[in-house]
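Written out below as structure tokens is the structure these notes cover.
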Amino acid sequence: MKKYIVYGSSILFSRGLEYLVLIIAPLYLAKEVYGELEFYKKIIELGTVILTFGLPTLILSFPKSSESKKYFTLISIIFITLLSILFAPFLIIFKYFTLLIPIYFNAIFFNNGIIPPFVLTYKGSNYASLYKIIISAIYYSIIIALVFFSTNPELSFVYVSYFLLPIFMVINIYFFYKNTILIYRLLKYLSLFKKLVLGSLTVVISNFANMMFLYTDIMIIKILSDTANTQIADYSFSLNISNALILIPLTLVQVDIEKLKYDNKYGSILNKKIVAFVLLLSILLLLVFVILTQTIFENYKSTFIVFFIIIIAKIFQSLSVLYGAEIIINKLFKANLMINLTALVLNIIMSYILFYKLDLIGVALASLAALIIRYLLLIRLNKKIKAQKKQ
């Protein structure tokens, strides 16, 4: 239980600071500026998903020995560096080249990058907790300062990485230098890395499709809305509060990822914990939303229906995390890909249609429907896995 509390506290600390930013920003900034801040944040997170190429999942699930984890992570950093060079022309074409450094920094060092799962598997949850706390404290402190004092506060999530990347790169280089990287071993693991990456393209696409659920709504609003930044602000306010729900399954699954690999019965035990905590927190978040919008965030009072739909959608997304992890552990990559792609395509189509009919409520309903379908498909696939293991 102690490891849950320690690791969970680090995630809560990190998310707490993120929410502090997302509380300060809509209070301090005009809706249009806050909406643009949120848009840049989502673009950076989406770019990070593309650039990491599914490697955080592979680092969590594949390497077993300390040596393999170390070399696999170093090769991943080199791979992401090369991929970012190839990624640069696309950002130039779409006039987002300034986002390359933030995307690169997040892909390696921040919460959705490759270093956090490396620290978790290489040094354990206590060290991973310490890493999350330190980097989050520095990262969000700078962002808060930029929101208040920058002449372009909407670019706060962009500028912060320009400050931090050189510092963390030096620390990273020093770590691998001290751990004596041998060239012949690096080449040995490079050969294995190539096979894994080529063989796991389904994981990459599947992870991308899975993560796109966090960004499709914002992209649809940006493309279709006549008042995009204002509507992004309204939708993001609800989305950011409801996203706290996903912390529970992520914490429990990540802490017990090794136990899930080797104990076939543990998934059922962990699922009961996730269901109980998710339902409890969802009720709490509803109360929090009502209190906030009745007091200091009255400008967002009209978004309650949107929030209510999103929180139900997030319940289904949260309950899907464990099932998705078990599918990855059992290496059913193609099946996982088909489920995630099916749900994503449905989400995009329904969002596009329902936005014109029901505005933001339509986008929220599209997400809810897609996530329910994905949840049911994941349950069905997991039942097949268990049935095959019994035979």
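The values are calculated or read from the model by the stated rules, or taken from the named source; none is laboratory data. The shown structure was predicted, so the numbers you read here are calculated from the model rather than taken from an experiment. As a convention, Cβ positions derive from the backbone with ideal geometry for all residues, glycine included, and neighbour counts pool all protein chains shown.
Side notes on the structure shown:
- For the stretch 340-361, the set of residues classified as hydrophobic (A, V, I, L, M, F, W, C) and in contact (Cβ under 8 Å) with a residue 60 or more places away in the chain consists of LEU341, ALA343, LEU344, ILE348, PHE355, LEU360, listed by residue number.
- Where THR121 falls short, out of the listed (1) part of a helix (DSSP H, G or I); (2) under 16 Å from the mean Cα position of the chain (by Cα): (2)
- Test: residue in the stretch 135-149 that is touching a residue at least 24 places away in the same chain (Cβ under 8 Å) and in contact with a Gly (Cβ under 8 Å, 6 or more places away or on another chain): no
- Being among the aromatic types (Phe, Trp, Tyr) and touching a helix residue (DSSP H, G or I) at 6+ places or on another chain (Cβ under 6 Å) is a condition met by at least one residue of the stretch 50-57.
- All positions within the stretch 183-201 that are modelled with pLDDT of 85 or more, loosely packed, with under 14 Cβ neighbours inside 10 Å and not hydroxyl-bearing (Ser, Thr, Tyr): ILE183, LEU187, LYS188
- Residue selection: ILE311 fails the criterion of being modelled with pLDDT under 90, buried (at least 22 other Cβ atoms within 10 Å of the Cβ) and either of a type in the set (Val, Ile, Thr) or not assigned by TED's automatic domain parsing to the domain that holds GLU154 (or both).
- Helices (runs of 4 or more DSSP H) fully within the stretch 156-264 that include at least 1 residues being touching a residue at least 60 places away in the same chain (Cβ under 8 Å), farther than 29 Å from LEU286 by Cβ and of a type in the set (Lys, Arg): 183-199, 257-262.
- SER68 vs. criteria under 17 Å from ILE167 (Cα atoms), among the polar types (S, T, N, Q) and part of a helix (DSSP H, G or I): no
- Exactly one residue out of LEU58, LEU74, LEU22 is modelled with pLDDT of 85 or more and assigned to a helix (DSSP H, G or I): that is LEU74.
- From the options ILE103, ILE134, residue that is assigned to a helix (DSSP H, G or I) and surrounded by fewer than 14 Cβ atoms within 10 Å (Cβ to Cβ): ILE134
- For GLY324, the conditions (1) within 24 Å of the chain's Cα centre (by Cα); (2) at pLDDT 90 or above are fulfilled apart from (2).
- Checking GLU67, GLU45 one by one, the residue that is more than 25 Å from ASN240 (Cβ to Cβ) and among the acidic types (Asp, Glu) is GLU67 and no other.
- Residue match in the stretch 7-22 (condition: over 18 Å from the mean Cα position of the chain (by Cα) and free of Cβ contacts under 8 Å to residues at least 12 places away in the same chain): no
- Among (1) buried (at least 16 other Cβ atoms within 10 Å of the Cβ); (2) under 22 Å from ILE221 (Cα atoms); (3) not hydrophobic (A, V, I, L, M, F, W, C), the one test that ARG374 misses: (2)
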